[in-house]
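Participant: Mind looking over this structure? Questions follow.
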Amino acid sequence: MSLTGTPFLVTLGVLCAVAVALPLALWSRVPGPRAARAAARLAMLLFVQATAVALVFTLVNNSNQLYDNWEDLLGTGDHVRTAADLGASGTGGIAVETLPRVRQTFEPGRGPGMRAEGGVLVTRLDGRVSGVHAEVNVWLPPQYDDPAYREHRFPVVELLPGYPGSSKAWFGSMDATEQLAPLMRAGRIEPFILISPRTNLLPGADTGCANVAGRVNADTWLSVDVPKMVMDNFRALPAPDGWAVAGYSAGAHCAAKLAVAHPDRYRAAVSLSGYNDPASEAGSLASRTPALRAANDPYVLLTRSPAPPPIALYLSGQPGDGYEAAQALDRAARPPTRVDVVFVPGSAGGHTMALWKPQVVPAFQWLSEVMTAEDAPRATPLARSSAGSTHAEPASGTAWPAAAARRP
């Protein structure tokens, strides 16, 4: 039975109701000696507690899409087949452009949000360079099958969840396609191809989107193998000008790091409540050694770069949760690096989907501004205002409220 499926949730609901009814009906009717009666009553109470905790956990998990299946929850899933030392380039000297074309088959995705706005396609990819074997979700914009766009190639945004987090979360909990598709049809934002690869690759470990020889090549999986597959199977613009990466929480850290580390692969990054130092995420493999920690810290990479990378960064955060890290990157940046920092007030809520979901539209508006489509007019910008903010709309919708404004 699927961890995130309706049958499992209904079963837990029924068990929870039964668990509450049992002591009400049997408490005074339990037979046997005193010790046996006490044990039976304790078992009924524990049954109530266990079913209630399981139901609440499942509701929270389904809402935030933290664990996609039982393997993820139990820490038994391993999606790494090999983890060779690929060197500083992350390719091990392989000329990726000379590799054979990746031919993939796709099937309709299942789960919350996966059927909305044309549906999400899912494939399982064997990463030829990274050694990772995992799923990749692909959503095509409304214009993709329009005959008028048959020669058009589309910009791509790679979407990364937090840790733990499901590769489906951007389509389910974040409602990305339902928010963006109407604006794409109206020409208000660019028609992006959205891809969301698995980032939970090792049992019970946050890879930090890093290459760790002998353990995992998560960076290469995300920045080499997945983009090649997309380019080989869809009408996607080439890197770097046609590619961006976006994430929230741990995925936000990864987004900024990937863009700063690989300006030859990405033109822009969106980071929602991210951090710079990999050690900010307890247990991150990217913080195992000082060298790994520095190699996966976007601030360190930016300050040590021989030349400022030609990338754009959208960084949003609250005080104590991403804002200071964004300011640090802003201070370190030099042209042509562009950094736009969005301050989100603490009153907007905590480190949850409810904070990040309203930021999807303004983030993609920004992406439409910094990334130019190959053969179509630029999207019409959404109107901005300096109207006062409310608790429910930090830097969201069609406004940039004064209390959630882009900071220079």
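The values are calculated or read from the model by the stated rules, or taken from the named source; none is laboratory data. Just so it is clear, the structure is predicted and the values come from calculations on it, not from any experiment. All Cβ positions, glycine included, derive from the backbone under ideal geometry; neighbour counts span all protein chains shown.
Here's the yes/no breakdown for (1) buried (at least 24 other Cβ atoms within 10 Å of the Cβ); (2) in contact with a strand residue (DSSP E or B) (Cβ under 7 Å, 6 or more places away or on another chain); (3) not assigned by TED's automatic domain parsing to the domain that holds Pro309:
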{"residue": "Thr220", "(1), (2), (3)": "yes, yes, no"}
{"residue": "Asn233", "(1), (2), (3)": "no, no, no"}
{"residue": "Pro240", "(1), (2), (3)": "no, no, no"}
{"residue": "Ser249", "(1), (2), (3)": "yes, no, no"}
{"residue": "Tyr266", "(1), (2), (3)": "yes, yes, no"}
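Participant: Of Thr51, Thr76, Thr58, Thr82, which residue is modelled with pLDDT of 90 or more and polar (S, T, N, Q)?
Facilitator: Thr82
Participant: Would you check if Gly350 is under 19 Å from Tyr248 (Cβ atoms), assigned to a loop (DSSP other than H, G, I, E, B) and touching a Phe, Trp or Tyr at 6+ places or on another chain (Cβ under 9 Å)?
Facilitator: Here the answer is no, as Gly350 does not meet what is asked.
Participant: Still on this structure: In the set Thr82, Thr76, Thr105, which member is in the same structural domain as Gly251 (by TED's automatic domain parsing) and among the hydroxyl-bearing types (Ser, Thr, Tyr)?
Facilitator: Criteria check complete, one pass: Thr105.
Participant: I would also like to ask the following. Here is a check on your reading of the model: is Glu117 of a type in the set (Asp, Glu), assigned by TED's automatic domain parsing to the domain that holds Val226, within 30 Å of Trp170 (Cβ to Cβ) and not in a helix (DSSP H, G or I)?
Facilitator: yes
Participant: Can you pull out every residue in the stretch 345-360 that is in contact (Cβ under 8 Å) with a residue 60 or more places away in the chain, in contact with a strand residue (DSSP E or B) (Cβ under 6 Å, 6 or more places away or on another chain) and more than 14 Å from Gly172 (Cβ to Cβ)?
Facilitator: His351, Gln359
So that you can scan it fast, the table gives a plain yes or no per residue for (1) surrounded by fewer than 23 Cβ atoms within 10 Å (Cβ to Cβ); (2) under 24 Å from Glu97 (Cβ atoms); (3) outside the structural domain of Pro108 (by TED's automatic domain parsing):
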position	(1), (2), (3)
His133	yes, yes, no
Asn137	no, no, no
Val157	no, yes, no
Pro164	yes, no, no
Phe171	no, no, no
